[in-house]
Amino acid sequence: MRKTLILVVLCMLAAVILGKQLVVGVSSLWVGNDWNLFVSNEIKQFLKAKGVRVIHTNAMGKTSQQVADVENFLSMGVDGVIIAGGEGPAFFEVSKKLKEAGIPVVGIDMFLPGAISSVASDNYSGGIQIGLFLVKYMGGEGKVIVLDTPGWQTLAIRKRAALAVFKEFPKIEIVGEYEVGTSDPVNSAYNIVSNALRSHPDLKGVLCTWGLPMVGAAHAVKEMGKADQVVIVGADSDRPVLEEMAKPDAPAMACIGQDPRELGRIAAKVIYDAITKGATNIPPFIFGPTIMVSNRIPPEDFSKIVSVDPSKCWDMVYPEYKKPFK
């Protein structure tokens, strides 16, 4: 603690000597789940320890507001910008403007033409993994619905990768694709899956492109007595997802887990190094840790993805929180 305090003081003194404190703008689309919350908190903690002033904005789920926030960072002339998740293509133009202005940009969970680096988990391999899991537990055939939130680049990647797996199995049928908003994803997913099961009582699979809809899907599947029939897959190992997955009456479930803290740390270090040392040796793409989490652990298919159960994942990602299950 004392060493950290000394480091902060030294960084602040250096900023005073140079005549200016470094300022980094951090833009979040939404901080309503663990991934977004932990990413932004880790960025702020890392940068503040370096004596950097952080301006953090939360667009409350509105992409137009998040773009406006980043445009405002440009107008303010901040030293660096981190765009921590959101609808990637919406930031193509502003990321180019920032690059032209000499302001380094790091994207998290998105790939931007003006960014010095993009930090994300391996959603390509992850999408394939959850697609393979679903195929395995469906026996290679049956009806599937897709729950998605359009616009987010990494969600689109996961979806495309999983659907590419399904194309190898002609007896798998996509019977519906539905949009889940960020305002109430659990109840929205519950209603969608409940209605889908009424229309398709033989439904066998639910593909979610992110975590919280998995919780609502599981509630609907269990309530309608289909836990032994329906497989649920998705991404993002948020605490509610792990809690639901660990319940003894849970259906077969799997998700691609990420360590949002590590993604935040990587992004913060990259932007700090770019500001203080230059961006010449920074990789353009950086993959953070990716894990496969399931309550029916499959064989490991890829060397970079480690299979763990919900309890182990909780220990890895949320060590300071009391585990709500054994």
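What follows is calculated from the coordinates using simple rules that are stated; it is not laboratory data. Bear in mind that the values here come from a model prediction, so they are computed numbers and not experimental data. Ideal geometry is used to build each Cβ from the backbone, glycine not excepted, and the neighbour counts take in all protein chains shown.
The table below gives the values:
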read-out: Kyte-Doolittle at least 1.0, axis length at least 15 Å by Cα - qualifying DSSP helices, the chain; value: 2-18
read-out: Computed [θ] at 222 nm, deg cm²/dmol, the chain (DSSP H ≥ 4; -39,500 (n - 2.57); rounded to nearest 500); value: -14500 deg cm²/dmol
read-out: Sparsely packed trypsin sites (Lys or Arg not before Pro) within the range 22-95, loop by DSSP, other Cβ within 10 Å at most 15; value: 62
read-out: Mean shadow area of the chain over all directions, Cα convex hull, nm²; value: 17.1
read-out: Sequence-separation-based contact order of the range 219-293, relative, with Cα cut under 8 Å and 6+ spacing, percent; value: 32
read-out: Gyration tensor verdict on the range 202-326 (Cα atoms; rounded if a/c is under 1.5, prolate if a/b is larger than b/c, oblate otherwise); value: prolate
read-out: For 223, 244, order by how many other beta-carbon atoms lie within 10 Å, fewest first; value: 223, 244
read-out: Stretchable slack from residue 21 to residue 320, in nm (0.36 nm times residue separation minus alpha-carbon distance); value: 104.4 nm
read-out: Reachable lysines from residue 247, criterion Cα separation under 30 angstrom, eight or more residues apart if same chain; value: 136, 143, 159, 204, 222, 226, 304, 312, 322, 323, 326
read-out: Gaussian network model of the chain, Cα within-10 Å springs - most flexible of 175, 81, 106; value: 175
read-out: Top of 237, 311, 294 by mean-square fluctuation, Gaussian network on the chain, Cα under 10 Å; value: 311
read-out: Packing-based ranking, highest mean first, of 93-102, 154-163 given that Cβ atoms within 10 Å are counted; value: 154-163, 93-102
read-out: Orientation-averaged projected area, Cα convex hull of the range 49-116 (nm²); value: 4.5
read-out: Between the range 241-295 and the range 109-132, the Cα center-to-center distance that results, in Å; value: 10
read-out: Alpha carbon convex hull of the range 95-190, volume per residue in cubic angstrom; value: 116
read-out: Average Cα contact separation per residue, the chain, under 8 Å, 6 or more apart, as relative contact order %; value: 17
read-out: Förster radius 25 Å - calculated FRET efficiency between residue 228 and residue 171, Cβ distance, rounded to 0.05; value: 0.80
read-out: Estimated inter-spin distance, residue 296 and residue 92, nm [label 7 Å along Cα→Cβ]; value: 4.0
read-out: Relative contact order of the range 90-187, pairs being alpha-carbon contacts under 8 Å that are 6 or more residues apart, as %; value: 25
read-out: Cα centroid of the range 136-194 to Cα centroid of the range 60-88, whole Å; value: 29
read-out: Gain on full stretching of the segment that runs from residue 309 to residue 194 - 0.36 nm per residue minus C-alpha separation; value: 38.7 nm
read-out: Rounded if a/c under 1.5, otherwise prolate or oblate - the range 131-234, Cα gyration tensor axes; value: oblate
